[in-house]
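Below: the structure, in structure tokens.
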Amino acid sequence: MNWRAIQAIYIFEMSRTARTIWQSIVSPVLSTSLYFVVFGAAIGSRIPEIEGVSYGAFIVPGLIMLTLLTQSTMNASFGIYFPRFTGTIFEILSAPVAAFEIVLGYVGAAATKSIILGVIILATSWLFVPLSIAHPFWMVAYLVLTSFTFSLLGFIIGIWAEGFERLQIVPLLIITPLTFLGGTFYSISVLPPFWRDVALVNPVVYLISGFRWSFFEVSDVSHGVSFAMTLLFMAICLAVIWWMFRTGYKLKR
């Protein structure tokens, strides 16, 4: 394992975050805080509780997951796309660095940024609502696994994209709508039977449900199913990245 190469890629990507801290850290935290004010305070005052949990606290896991999914994807996609755009990707590919080490450096940095954001938002949420975590271990597990999984997805998007516009298509037009429809602000149990079945096709439902279970022990689907779906999605992303490097898809031409 070439740890020096992994460290070099990781530090370079993390230093970019330090240079754009307002865009990378401050802006997402402020946006999420506005959700707390609007949904937690204004709307939450009209909804006493959901499944025994105050509405303000109920939306906290969903808001953290919303940030994790979008930021992990966007950070990782830009991280690998920019070297492709400038042509420096060929220097990395020609260096004595394995594909796994390249992926670990870029994805590790993107996931770290998302985890930092998730922790900051979690700490900020205590300023707005009383919060308790029933299963800290599983909360951290979902936080880390989700960050890495969607950073892998972002890495795939960064290789697939032909321009900066394409980098925004999946996060803005697919992931964000799926997150809003995945139970971020409500439980899918309140939906009519038909739409509840439709919602179960949405993979984000399982991520939010499992993460919420780690806080309050309430969920739309069982914890075991949620965790298995998270691992399955990660395995699919790893398989796609392996295929991309094996075939040189948009990397060697």
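The values are calculated or read from the model by the stated rules, or taken from the named source; none is laboratory data. Computed from a predicted structure; not experimentally measured. In this analysis, Cβ positions are derived from the backbone assuming ideal geometry, glycine residues included, and neighbour counts consider all displayed protein chains.
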Scan region 79-98 and give yes if some residue there is farther than 13 Å from residue 143 by Cα, of a type outside the set (Phe, Trp, Tyr), buried (at least 21 other Cβ atoms within 10 Å of the Cβ) and out of contact with any Leu (no Cβ under 9 Å at 6 or more places or on another chain), otherwise no. yes
Of everything in region 161-175 that's crowded, with 17+ Cβ neighbours inside 10 Å and either among the polar types (S, T, N, Q) or modelled with pLDDT of 85 or more (or both), which residue is nearest to residue 57 (Cα to Cα)? 175
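Let's see how each residue does on (1) out of contact with any Lys or Arg (no Cβ under 7 Å at 6 or more places or on another chain); (2) farther than 19 Å from residue 121 by Cβ; (3) not in a helix (DSSP H, G or I):
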{"site": "9", "(1), (2), (3)": "yes, yes, no"}
{"site": "17", "(1), (2), (3)": "no, no, no"}
{"site": "36", "(1), (2), (3)": "yes, no, no"}
{"site": "57", "(1), (2), (3)": "yes, no, no"}
{"site": "73", "(1), (2), (3)": "yes, no, no"}
{"site": "83", "(1), (2), (3)": "yes, yes, no"}
Among helices (runs of 4 or more DSSP H) lying entirely in region 102-206, which contain 1 or more residues that are touching a Gly at 6+ places or on another chain (Cβ under 6 Å)? 136-160
Give me the residue from region 147-174 that is in contact with a Ser or Thr (Cβ under 6 Å, 6 or more places away or on another chain) and hydrophobic (A, V, I, L, M, F, W, C) and, out of that set, nearest to residue 69 (Cα to Cα). 150
Cβ pairs under 6 Å, 6+ apart or interchain, first in region 91-108 and over 16 Å from residue 76 (Cα atoms), second small (Gly, Ala, Ser), ordered by first then second residue, are 97/5
